[in-house]
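Read the figures in this text as sums done on the coordinates, not as results from a lab. Here the structure is a predicted model, which means the values were calculated and not measured. Glycine gets a Cβ as well: all are built from the backbone with ideal geometry, and neighbour counts include every protein chain shown.
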Amino acid sequence: GWQVSMKSGSLSYILPCNRLPVQLMSQVRVYTSNGQKKDLGSEDTNGSARGETLHKAETGRQDTANAGQKQSSPKQPIQVKVKAVLKKREYGPKYTQNNFITGVRAINEFCLKSSDLDQLRKIKRRSPHDDTETFTVYLRSDVEAKSLEVWGSPEALARERKRRKEAEIKYRENLFRNQRLLWEYKEFFGNTKPRSSTAAMFFKGPGKVVMVAICINGLNFFFKLLAWVYTGSASMFSEAIHSLADTCNQALLALGISQSARTPDPSHPYGFTNMRYIASLISGVGIFMMGAGLSWYHGIMGLLHPHPVESLLWAYCILAGSLVSEGATLLVAINEIRRSARAKGLSFYQYVVQSRDPSTNVVLLEDAAAVLSVAVAATCMGLTSLTGNPYYDSVGSLGVGTLLGTVSAFLIYTNTEALLGRSIEPEQLQRLTELLESDPVVRAIHDVKATDMGMSKVRFKAEVDFDGRVVTRSYLEKQDIEQLLQEIQQVKTLEELEAFMLKHGENIIDMLGAEVDRLEKDLKQRNPDVRHVDLEIL
């Protein structure tokens, strides 16, 4: 049992009574970060006397109990090893002593001038941006001390921040007012500036397709409306409504294209590319409500209250012209989609289903529906002319409405999927994964996500387990090994050891950050669709 208690210095030991003499050979030292040590294992005189008395008593009991028996095991001393550790430093909940801050943030957040920063310590750090290698930062503690020196107290600094905030709001209001005045000035005297890049978007690619469709559908609506007024045909009314819906929806697409070209701002850091999908989604809803709804309504009213149809000669002529014009727009959209699909390495069907270019898709489907609806309307009107039964004309209106409803449902589905942020193709995701895993610095990757942000822009995210040995070796390859060895040999105290480890530990962390930047750059260069890369270190 645990019967014998021995006390050495300030440490107490309770040892099991195993009838063996025990010899304590330990010496305990506690180290602090300042290099001081305190011996706790040295026994005082009284402790030694008590230990000898207990040892003799124990030896006597052992001789009495084991008389005539040979001891089978030798006497082994017990050694106790204690690690020398640094004293844990308490940083507190808001430790910002070693935090860095850029000059722009120092001026804006602490209400300083550039001349105030000239007196502070400047530190060169690795830049997170691709266009610059290094940039200058300041210690946050120095900036905070300088702001208190300039403004006198935290209350005065808070008042200055509030005043500048109010001035910024007033400046924005004046800027908006000046922009309106400038716009009125341009309207009155004329604008002599070169054509902007936004206007140039409508002379090529999807913008060109949309503008051609707006012009043709606007003319078709005008002539179909005249034909309906002259004949009173329900099918012709549906065709006129169809052309009006197409014109309005394509005008909405043009607005979406112009808005998608806006540059990112702090409120929208990833840009406005999804405006095309939003415009296409609204367009799909508009086709369903305006085109399909009115066509169904007019067809049902024709079935409930039929009336004779006048001469359809002019209606046939206008339908023939509409067929030619809608077919021309359809060919423009098909050629644009084929060219874009070939550039992306996709088939025509995959490009349309995946809604890679929502604006061109809307024009394609609307014009395809227009060509089919012209054929349906002409067939039903022909049956009405041959039989004299107006019900065929009303059935044609219902057929055109059903066709428009199908197109609108497809547009709503594809654009909703795109706005929800669907994943990229598995083959493309596999290529990105293999590129990361083939790098020596990467040991494993987990939780890989690649989201299609629209308009061939991909956001890639992964948790990466880096190989610390490879990162450290990359750091050592850039160092003078002999000088590093001399630094190690000069380490004699705990303070010197701590300073050495902190210096090179921070440099190795910077090397890890540089490796992350290199991997992100490689992913973007080898896969141009990847615009945003988020690598999380495990």
Given H placed on each backbone N at 1.01 Å, which residues far from Met453 in sequence or on other chains put an amide H within less than 5 Å of it? Val458, Arg459
For Leu429 paired with Gln179, estimate the spin-label separation in nm (one decimal), with each label point 7 Å from Cα along the Cα-to-Cβ line. 4.0 nm
Cα-Cα over 23 Å, subset of Lys449/Lys521; Lys124/Lys492; Lys204/Lys461; Lys449/Lys478; Lys124/Lys478: Lys124/Lys492; Lys204/Lys461; Lys449/Lys478
Stretched fully, the stretch from Arg518 through Leu485 gains (0.36 nm per residue minus C-alpha distance, one decimal, in nm) 9.0 nm
Roughly how many nanometres apart are two label points built 7 Å out from the Cα toward the Cβ at Lys170 and Leu538? 5.6 nm
Report relative contact order for the range 219-350 in percent, whole number only (criteria: Cα-Cα under 8 Å, sequence separation at least 6). 28 percent
I need the peptides 394-400, 528-534 ranked by packing, meaning the mean over residues of other C-beta atoms within 10 angstrom, with the highest value on top. 394-400, 528-534
Provide the FRET efficiency to the nearest 0.05 for the Ser347-Lys113 pair, computing r from the beta carbons and using R0 = 45 Å. 0.15
Given the Cα-Cα distance of Lys208 and Arg338 and 0.36 nm per residue of separation, how much length would full extension add, in nm? 45.3 nm
Please work out the FRET efficiency for the pair Val150 and Leu497, using the Cβ-Cβ distance as r and a Förster radius of 35 Å; give the result to the nearest 0.05. 0.30
When DSSP beta bridges are limited to those with both residues in the range 426-537, what percentage is antiparallel, rounded to the nearest 5? 55 percent
Inter-label distance for Phe135 and His305, nm, one decimal - labels placed 7 Å from Cα along Cα-to-Cβ: 7.0 nm
